[in-house]
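The values are calculated or read from the model by the stated rules, or taken from the named source; none is laboratory data. Predicted, not measured: the structure shown is a model, and the values here were computed from it. Don't worry about glycine lacking a Cβ; one is built from the backbone with ideal geometry, like all the others, and counts go over all protein chains shown.
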Amino acid sequence: MSGELNSTIGAHTIAEIRSEPATWTACLQRVERTGELRSLSGRLLQNVEWVFIGCGSSFYLAQAAAASWSILTGERSRAIPASEIMLFPQALPVPCQPVLISRSGHTSEAVDAAEYLERTKNLRTLAITCGVGTPIQKVSSHCIVLPDADEKSTVMTRSFTSMLLVLQCLAAVRGNRGDFLEAAGKLSEQVSTRFDGIHEVVKALAQRGPFADYVFLAQGPFFGIAQESMLKVKEMSCSYAQSFHTLEFRHGPKAIVSPETLITFILSESGFDAEVAVLEEIKKLGGSTLVVANTANAAVRRSADYLVELGLNVPEVARAVASVIPGQLLGFYTGVKKGLNPDEPRNLSRVVMLEGAA
Ligand code: F1P
């Protein structure tokens, strides 16, 4: 029956979403045991721009990682889709420190980009992946492998948050942000205790849908999180979904606001007042709203039709991984409501290999 979850529909995906906090712990324990973040931090380039590269979810992860990198280290950074490296190589800042992100380690655009950077540009790349012994590991000079975060599902959930958290920890090591590292260790427990509350709000919201259009808004390190939330809803529920920087939404996109549009605000603390002003404006225009905030105030409560309050006692940038869970659950439960199986998204495969790739 549409909207009801039987034991097989989406079983892998929901289990992988639920396992996120435990997976973060497993990944952090692994890199702690190997000491690789410390050894890598010293071996990677200084005084150059860091370029985070990926495809799909891994590109949105790159966006969140690049913003986090600059915040935690003070170093310059940007995110580029792997295809751009091949099609517009002149847009790449050289020298730079490239970081390739790929859950599978097989995506041909990512592997080709790594090969090009190593061989043609003579740059030593760092890769992060969940697969063991994959092509990207063979091509890249350095590689962080997180097998605990690998998934059976086509859509990325725990692999996204785990790879992002580990890259943030690498940034924290490099930027001497002991406070971040301490907080990262506490995140799993804090999110575990709040998971059921988040789940309840999002499941109830999905039951009210589906909406004609889903919009995700955020700024700074949360923009990549809005992008990934948008992708989760598209992939798992075949819905029309978009994302924008929150204040950019005023510059044209707000024309689409209506009760049939669900607008999700992922609020930061740094930009809280300015972002809440957009929320209030959109509510007045008649949009349906979901707010994901660490702590809500009266204005947020007035304008949020649905509210997820994370209540995490960690630095702002460490909340990024928790902030994507509502979008993952929204994609999942909207797909189920529409009679789809989120484990088998339409037209998608787990790995994208371009024709002619090995
Ligand atoms: C990730 C990705 C996913 C997407 C799709 C194909 O590739 O592009 O984002 O959901 O199913 O794969 P990668 O991280 O394995 O390179």
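Scanning the range 338-353 finds one or more residues that are more than 16 Å from the ligand (Cβ to nearest atom) and more than 23 Å from ALA65 (Cβ to Cβ). Of all residues in the range 276-301 being hydrophobic (A, V, I, L, M, F, W, C) and part of a helix (DSSP H, G or I), which is farthest from ASP213 (Cα to Cα)? The extreme case among them is ALA298. Considering the range 189-224, the residues that are in contact with a Lys or Arg (Cβ under 9 Å, 6 or more places away or on another chain) and of a type in the set (A, V, I, L, M, F, W, C) include one that is farthest from ALA22 (Cα to Cα), namely ALA206. Among the residues of the range 27-56, the ones that are farther than 24 Å from PRO315 by Cα, part of a helix (DSSP H, G or I) and either among the hydroxyl-bearing types (Ser, Thr, Tyr) or within 16 Å of the ligand (Cβ to nearest atom) (or both) come to 2 in all.
Listed here are the residues, each with its yes/no results for (1) over 18 Å from LEU231 (Cα atoms); (2) among the hydrophobic types (A, V, I, L, M, F, W, C); (3) in contact with a helix residue (DSSP H, G or I) (Cβ under 9 Å, 6 or more places away or on another chain).
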{"position": "GLY271", "(1), (2), (3)": "yes, no, yes"}
{"position": "ALA299", "(1), (2), (3)": "yes, yes, yes"}
{"position": "LEU310", "(1), (2), (3)": "yes, yes, yes"}
{"position": "ASN341", "(1), (2), (3)": "no, no, yes"}
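The residue that is surrounded by the fewest Cβ atoms within 10 Å (Cβ to Cβ), counting only those in the range 74-107 that are within 10 Å of the ligand (Cβ to nearest atom) and outside any strand (DSSP E or B), is HIS106. In the range 307-316 there is at least one residue that is outside any helix (DSSP H, G or I), in contact with a strand residue (DSSP E or B) (Cβ under 7 Å, 6 or more places away or on another chain) and surrounded by fewer than 19 Cβ atoms within 10 Å (Cβ to Cβ).
For the range 125-211, the helices (runs of 4 or more DSSP H) that sit wholly inside it and include 3 or more residues that are surrounded by fewer than 22 Cβ atoms within 10 Å (Cβ to Cβ) and more than 16 Å from the ligand (Cβ to nearest atom) are 178-208. Taking the condition assigned to a helix (DSSP H, G or I), modelled with pLDDT of 95 or more, of a type in the set (Val, Ile, Thr) and more than 16 Å from the ligand (Cβ to nearest atom), does ILE71 pass? So ILE71 passes the test.
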